[in-house]
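So the structure is just underneath, and the comments pick up after that.
The values are calculated or read from the model by the stated rules, or taken from the named source; none is laboratory data. Being a predicted model, the structure only gives us computed values, none of them experimental. Cβ placement follows ideal geometry from the backbone for every residue including glycine, while neighbour counts extend to all protein chains displayed. Accessible surface areas use protein heavy atoms only, side chains included; no ligands, DNA or RNA. Shrake-Rupley method; radii C 1.70, N 1.55, O 1.52, S 1.80 Å.
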Amino acid sequence: MLTIKQITEDTDKVIRGLEKKHFANAKETIAKVLECNDRRRNAQNQLDKNLAEVNSLSKSIGMLMKEGKKDEAEAAKQKVAEFKEASKSLQADMDKASEEMQEILYTIPNVPYDEVPEGTGAEDNVVVKHGGMETELPKNALPHWELAKKYDLIDFDLGVKITGAGFPVYKGKGARLQRALINFFLDEARAAGYEEIMPPTVVNAASGYGTGQLPDKEGQMYHCNLDDLYLIPTAEVPVTNIYRDVILDEKQLPIKNCAYTQCFRREAGSYGKDVRGLNRLHEFSKVELVRIDKPEHSKQSHQEMLDHVEGLLKKLELPYRILRLCGGDMSFTAAICYDFEVYSEAQQRWLEVSSVSNFDTYQANRLKCRFRAEKKTELCHTLNGSALALPRIVAALLENNQTPEGIKIPKALIPYCGFDMID
């Protein structure tokens, strides 16, 4: 959530940033925030004056009584009562203005950094790097959903029977490959200094608001109505909320956490080729990185996270590219975001497998996540990234490593899988 300080110090810059994200009615919305803030501030100023008058009059009442000036003392008491009554009304006005302002602020996305490119959608994202080896596949190469059936790795129809579309059942070496990838990603994260967390996969509304999934993504989250709990779309939500309402010591930063969880997304409105096989699921496995850092160090942390994800893709021997997302394609909460995509040779298309974002103080302000430095407290910066999401990684591994003899396992994964070929 944007702070009032951010908005009032450079209103025009905030509006330009929101327009860069194609946030509708940016000027009007910011104007409403400023109007609420003026009402809140004016009520606060008058309330402070009233309280000062009450304190002054209260002190004088005792003196007047000692001096025998009962009429004047009674008049002072009456004024105190009037000021207190007026203060109740001012407090109510101030609370109402603050609540209205808070509700509006929850609807406003984060302001992108200057280096975020202009654009409205995926076609305007900027490719900043290509990596990995190009893959040469045998003739009549199969997409992963056909390979999964051929080698009995994943049963999509069984998932439909048990739950519905988008909930596949992994079997045999398919299940073992999933487990191998999870352990590989967690081991790599721990080796890079991340502390492993095993969080809940359901969260309360306060956690959803803390990281910005609510109210923006409410329609995309699975909601347990009876208990008013939400299935998590990513481990970012529970892990980052560990630090909600926490004041950290500067020496604790940067905090580096990783977590494996199942993730749940309704993916409402998804259709066509994007939903074939593992391309888009309602439930999937993911290892997430979360960092809490000081503002002056967060850009370095972001780069370290990018390097970590790139290192995973290199070890998996997959062709990949890194994109800097344009304003119109960035998430609600991100100040800057890079996507990693792997190339599916069989599908002849790029598949997103990770987003690595710096949220600046946006989430920290919602979370009230701060750190203490030199006897004052400041908002932290929060960052996160997939390292990695499994479905499309599995799709690319199956498709890009298919041979007439079977599907080869990358060297880095063989110790985790316990086999070097799916045949």
Helix 298-315: angle to the longest alpha-carbon principal axis of the chain, degrees 0 to 90, nearest 10?
20 degrees
Karplus (6.51, -1.76, 1.60) ³J(HN,Hα), θ = phi - 60°, over region 160-174, in Hz, Gly and Pro reported as x
5, 4, 6, 10, x, 4, x, 10, x, 10, 8, 10, x, 5, x
Net charge of neighbours whose Cβ lies under 14 Å from the Cβ of E53, counting Lys and Arg as +1 and Asp and Glu as -1:
+2
Average accessible surface area per residue within the chain, 1.4 Å rolling probe, Å²
49 Å²
What's the carbon and sulfur percent of region 197-330's accessible surface, probe 1.4 angstrom, rounded to a whole number?
48 percent
Helix-derived mean residue ellipticity, 222 nm - over the chain, DSSP H n ≥ 4, -39500 (n - 2.57), to 500
-13500 deg cm²/dmol
For a quick check, take a GNM of the chain with Cα springs below 10 Å and name the residue from I197, I232, I393 with the largest mean-square fluctuation.
I197
Quick one: what are the phi-derived ³J(HN,Hα) couplings along region 407-415, Karplus 6.51/-1.76/1.60 with θ = phi - 60°, whole Hz, x for glycine and proline?
10, 6, 9, x, 3, 5, 8, 4, x
Compute the length gained on full extension between Q46 and I247: take 0.36 nm times their separation in residues and subtract their Cα-Cα distance, giving the result in nm to one decimal.
69.2 nm
Checked region 176-254 with the C-alpha gyration tensor, a ≥ b ≥ c its square-rooted eigenvalues, rounded below a/c of 1.5, otherwise prolate if a/b is larger than b/c and oblate if not; verdict oblate
Can you work out ³J(HN,Hα) from phi for every residue in region 245-250, in order, using Karplus 6.51 cos²θ - 1.76 cosθ + 1.60 and θ = phi - 60°, giving whole Hz and x for Gly and Pro?
6, 10, 9, 8, 7, 3
Run the numbers on the chain and let me know its relative contact order in percent, using alpha-carbon pairs under 8 Å that are six or more apart.
20 percent
Going down the table (K84/K368; K129/K294; K20/K314; K5/K376), which pairs top 25 Å between alpha carbons?
K84/K368; K129/K294; K20/K314
May I ask you to give the percent of accessible area on region 1-134 that is carbon plus sulfur, with a probe radius of 1.4 Å?
50 percent
Quick check on packing: order 44-56, 314-326, 276-288, 369-381 by the mean number of other C-beta atoms within 10 Å, highest mean leading.
276-288, 314-326, 369-381, 44-56
Which residues' amide hydrogens lie under 5 Å from the amide hydrogen of K368, considering only partners 5 or more residues apart or on another chain, with H built in the peptide plane?
D245
Arrange the peptides 168-177, 83-92 so that the one whose residues have, on average, the most other Cβ atoms within 10 Å appears first.
168-177, 83-92
Could you let me know the centre-to-centre spacing of region 214-241 and region 129-199, using Cα atoms, in angstrom?
24 Å
Skipping prolines and chain starts, which residues have an amide H placed within reach, meaning under 5 Å, of the one on V353, given they are 5 or more residues away or on another chain?
F340, E341, V342
